[in-house]
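Input: a single structure, listed below in C-alpha cells.
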Amino acid sequence: MTPATQLAASLATTLADEKKSAAVTDWAARLGWLVGLALFVALVYWLMREGWKWRGTLQSDLPALPEVPDDLGPEKLSMSGRYHGSTTAGQWLDRIVAHGLGSRSRAELTLTDEGLAVERPGATDFFIPVQALRSARLDKGIAGKVLTEGGLLVVTWAHGEKLIDSGFRSDHAAEHTIWVETLNQMTNHTEGAR
C-alpha cells in the first residue's frame, strides 16, 4: 500500500467511527422551553389586546357614529375597496379604535349630496354627513398601513369636537383622484353656504 492509500483508509475508518448516533435529547427540558415560549407569546398577545381595549376606553368621549340613512338620494360616486382605519386628523399614527373605527375591513363607499356612506361587511357601517366633511387628499399612509405615494384616499371629517382622518384604498386606485376633486368641491361649496 502506498502512503496515499494508507492515509485514505485511516481517514475512512476515522469517519466511520464518528458516525455513531447522537445522544438522546432531554425531552423534558425541550418541552419545558416550548411551554415557556408558548406562555410568553400568549402573554404578549393578551397585553396587546388589553392595550387595544384601553385605547377604546380612552376614546369613549367620541359620540356614536351616525348610521347610514335609508334614503341617500342620487349617487354621485361609488367605490369598492378597503377601509384602513381612522386617526386623529394630522396625526397619522394616533389610531382611533372607538365605535369600531379601528377595524380594517372591506368597504363600499357611496357619495351623495347628503354625505358619504361607508358600508363595511363584518364591521360597523357609518355615515359622514356633508356638513361634517372637511377635505380629501391622496396620501401614502395611515396608522400602520403604508402604501405607495398617493395610494390612499384620506377623508378628513368632523365628529363631535374631533377632526378625524379616515383612510380608504379603492380596488382601482385611478379612482382616487376623482374622489379627491369631488369631495373637495363639496366641502368648498358647503363652507361657502355656512
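The values are calculated or read from the model by the stated rules, or taken from the named source; none is laboratory data. Keep in mind that this is a model prediction, so the values were computed, not measured. Please note: Cβ atoms are built from the backbone with ideal geometry, for glycine as well, and neighbour counts cover all protein chains shown. In case anyone asks, the SASA skips ligands and DNA or RNA and just uses the protein heavy atoms, side chains included. Shrake-Rupley method; radii C 1.70, N 1.55, O 1.52, S 1.80 Å.
How much net charge surrounds Val146 when only other residues with a Cβ under 15 Å from its Cβ are counted (Lys, Arg +1; Asp, Glu -1)? Net local charge, Val146 excluded: +3. Other residues within the sphere of radius under 14 Å centred on the Cβ of His176, judged by their own Cβ, net out at -1 (K and R +1, D and E -1). For the pair Thr148 and Leu93, label points projected 7 Å from Cα toward Cβ lie 2.6 nm apart. Here the dipole of the chain is about 880 debye; that uses its Cα centre as origin and unit charges on the Cβ of Lys and Arg (positive) and Asp and Glu (negative). Couplings 3J(HN,Hα) for the range 107-112, derived from phi with the Karplus relation 6.51 cos²θ - 1.76 cosθ + 1.60 (θ = phi - 60°), are 8, 10, 9, 10, 9, 10 Hz, where x marks Gly and Pro.
Taking the chain as the region of interest, the number of lysine pairs whose Cα atoms are within less than 26 Å, with members eight or more places apart or on different chains, is 5.
Around Ser105, what is the net charge, scoring Lys/Arg as +1 and Asp/Glu as -1 over all other residues with Cβ under 15 Å from its Cβ? For residues surrounding Ser105, the net value is +3. For Ala89, the residues whose modelled amide H falls within less than 5 Å of its own, excluding neighbours fewer than 5 places apart on the same chain, are Leu163, Ile164, Asp165.
The magnitude of the dipole of the range 107-171, with charges of +1 and -1 set on the Cβ of Lys/Arg and Asp/Glu and taken from the Cα centre, is near 300 debye. Taking Val41, Val68 and ordering them by how much accessible surface each has at a 1.4 Å probe, largest first, produces Val41, Val68.
In summary, the helical segments of the chain meeting the span-like criteria, namely a full DSSP H run, a Cα extent along the axis of 27 angstrom or more and a mean Kyte-Doolittle hydropathy of at least -0.5, are 27-58. Just read off the accessible area of His99 with the full protein assembly in place, 1.4 Å probe, to the nearest 10 Å². We get 80 Å² for His99.
The trypsin sites (Lys or Arg not before Pro) found in the range 65-133 that occupy coil by DSSP, while having at most 15 further C-beta atoms within 10 Å, are Arg104.
For percent of Cα pairs over 21 Å apart, the value computed from the atomic coordinates appears in the list (1) 53; (2) 50; (3) 62 under label (3).
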